[in-house]
Ligand code: PGA
């Protein structure tokens, strides 16, 4: 059985004090949720990581980052290294988010370098893949996803793949209020697992948690989570409010 993993991606939202207020509120709400058989991750902006690390100590919530550099350290003004993230208490890191690909020209090859580095630092990568609207309309979804998975995850060992999280995020669904139907999302997640099986074998592919992301809300989370190959959610806008993210976590049960 794969344990569901629900992750909050705050993107460029919340000051440190807003992040702290959210976290105190959220941890209290989580205590009241019966279903605890689910992994919960918060990925705040870098500047809030150390404050949240303290606030989350002793809770069941893990800390994650939204991006990192692939080098151990060096002359990369404005970047964050994997060692900095693991030292501050991060357990995971979102890599290859479509906004990184779109606005910061990240390529599959960059994502791959980052994924390989993350494992060296014991950071679990949450690797995002997904097609844009034109690609979906042209019926190229599977071709695009296959390329992103094959190039982004090349060179991993089967043991690493066991730990991996993949997030299927159709780009047209992110921040738009247009969610993929649970059936369509299930179909793509099954396809992702099939590609992973070709690359790493049945056992590893069967262990990978594959999230869905793109306008997940309290009202649609349970339907999405009921699909067999949807093992969690990567939540943007609806994770900024503690009550809303808590009710999405509850839907994972
Ligand atoms: P959204 O973002 O929930 O606001 O659509 C999801 C994401 O980009 O991870």
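The values are calculated or read from the model by the stated rules, or taken from the named source; none is laboratory data. Just so it is clear, the structure is predicted and the values come from calculations on it, not from any experiment. Heads up, the Cβs are rebuilt from the backbone with ideal geometry, glycines too, and the neighbour counts pull from every protein chain shown.
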Notebook entry, point to check: Only one of these conditions is not met by residue 67: (1) modelled with pLDDT of 95 or more; (2) under 20 Å from the mean Cα position of the chain (by Cα); (3) closer than 23 Å to residue 218 by Cβ. Which number is it?
Noted result: (3)
Notebook entry, point to check: Across the stretch 117-150, what is the number of residues that are touching a residue at least 40 places away in the same chain (Cβ under 8 Å) and either more than 16 Å from the ligand (Cβ to nearest atom) or in contact with a strand residue (DSSP E or B) (Cβ under 9 Å, 6 or more places away or on another chain) (or both)?
Noted result: 18
Next item on the list: Could you check, for the stretch 190-204, whether at least one of its residues is surrounded by 18 or more Cβ atoms within 10 Å (Cβ to Cβ), in contact (Cβ under 8 Å) with a residue 24 or more places away in the chain and closer than 23 Å to residue 66 by Cβ?
Entry: yes
Item checked: Test result for residue 244, within 11 Å of the ligand (Cβ to nearest atom), at positive phi and in contact with a helix residue (DSSP H, G or I) (Cβ under 9 Å, 6 or more places away or on another chain) -> no
Notebook entry, point to check: Limited to the stretch 89-116, what total is found for residues that are away from the ligand (no atom under 16 Å from the Cβ), within 19 Å of residue 12 (Cα to Cα) and surrounded by 16 or more Cβ atoms within 10 Å (Cβ to Cβ)?
Noted result: 1
Next item on the list: Scan (1) part of a loop (DSSP other than H, G, I, E, B); (2) closer than 30 Å to residue 203 by Cα; (3) within 16 Å of the ligand (Cβ to nearest atom) for the single condition residue 40 breaks and write down its number.
Entry: (1)
Check: Just checking, which of 139, 151 is modelled with pLDDT of 95 or more and on the phi < 0 side of the Ramachandran plot?
Finding: 151
Check: Residues 238, 251: which one is surrounded by fewer than 22 Cβ atoms within 10 Å (Cβ to Cβ) and either within 16 Å of the ligand (Cβ to nearest atom) or within 19 Å of residue 92 (Cβ to Cβ) (or both)?
Finding: 238
Note to self: Could you go through the stretch 165-182 and let me know if any residue there is farther than 12 Å from residue 96 by Cα, away from the ligand (no atom under 16 Å from the Cβ), modelled with pLDDT of 95 or more and within 19 Å of the chain's Cα centre (by Cα).
What the structure shows: no
Notebook entry, point to check: Could you say whether any residue in the stretch 155-162 is within 13 Å of the ligand (Cβ to nearest atom) and either touching a residue at least 24 places away in the same chain (Cβ under 8 Å) or surrounded by 15 or more Cβ atoms within 10 Å (Cβ to Cβ) (or both)?
Noted result: no
